[in-house]
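The values are calculated or read from the model by the stated rules, or taken from the named source; none is laboratory data. As the structure is a computational prediction, the values presented were derived from the model and not from experiment. A quick note on method: Cβ atoms are made from the backbone with ideal geometry, for glycine too, and the neighbour counts reach across all protein chains shown. Areas reflect the complete protein model, heavy atoms only, side chains present, ligands, DNA and RNA absent. Shrake-Rupley method; radii C 1.70, N 1.55, O 1.52, S 1.80 Å.
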Amino acid sequence: SDLVDAVSEPELLDTVCRLIVDAGGYTMAWVGFAEQSPEKLMRVVAQYGTTKEYLESMHKTWTDTEQGRGPTGAAIRTGITQVHQSLMDDSDKAPWRIAALAQGFQSSIALPLKGGTDIIGALTLYGRERDAFTKEEVHLLEELANDLAFGIMTLRTRSQRDRMTEEHQHHEEILRKSLEESIQAIADTVEIDRKSVV
């Protein structure tokens, strides 16, 4: 019901992150949008959970570099869900992994958000225990990510349509005023011409 009632993109994203953490028992959920800039930065657009410090400490990018090869960057770059069932077992000393472990995260999943043919961002979740994501859970979370991406695109389409309607109404108002002024000018001219004839 909260999701259906969401009237703006920020409200939808905040609600999804909150519901996932509260209902799913995860530690944190966040949504990052992929910026189409040379630096390929990720913009945090929503987050919910116990640790903001993790996101604030990270250089968030989806480039194919050490900084961008974390789960979220990889999900955006490849369009493939990234599941890490045990962050402790991996010998990779990537900055994102060290920061995640410092926050007490033991597992993570990053799900790409597909808007048509483009990846618009990713939804990333963390768990405090290993193997937090069963096969069925991964499948359900992928469906949720697809629904979320669809919701984002629907809200953007609605917003664009509303903007176009507003512009159309504005143009109609300008046209109406212009026509009224033209008609008034013609009427004034005709009246002056009549007076000069008499």
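Just by accessible area at a 1.4 angstrom probe, what is the order of D131, D188 from largest to smallest?
On the way: D131 105, D188 70 Å².
Result, largest first: D131, D188.
Label 7 Å along Cα→Cβ of Q36; the range 117-159 residues with amide nitrogen under 17 Å?
Under cut-off, by backbone N: 117-122, 153-154, 156-157.
How about the range 28-117: which trypsin sites (Lys or Arg not before Pro) there are in a DSSP loop, with at most 10 other Cβ atoms within 10 Å of their Cβ?
On the way: sites: K40, R43, K52, K60, R69, R77, K93, R97, K114; in loops: K40, K52, K60, R69, K93.
Answer in residue order: K93.
May I ask you to derive the FRET efficiency for R18 and E173 from their Cβ-Cβ distance with R0 = 30 Å, giving the value to the nearest 0.05?
0.15
Using a Förster radius of 45 Å, what is the FRET efficiency between A102 and E11 based on their Cβ-Cβ separation? Nearest 0.05, please. Intermediate values should be presented prior to the final figure.
Working: r = 31 Å, r/R0 = 0.69.
Efficiency, rounded to the nearest 0.05: 0.90.
How much area per residue is accessible in the range 82-139 when the probe is 1.4 Å and only protein heavy atoms are counted (Å²)?
Working: 2750 Å² over 58 residues.
For the range 82-139, the per-residue accessible area is 47 Å².
Show me 99-105, 132-138 ranked by packing, highest mean number of other Cβ atoms within 10 Å first. It would help to have the intermediate numbers written out before the result.
Details: 99-105: 17.1, 132-138: 14.0.
Listed from highest to lowest mean packing, they are 99-105, 132-138.
Tell me, what % of the accessible area of the range 37-78 is carbon and sulfur with a 1.4 angstrom probe? Please report the intermediate quantities before stating the final value.
Values: 1130 of 2260 Å².
Accessible surface attributable to carbon and sulfur in the range 37-78 totals 50 percent.
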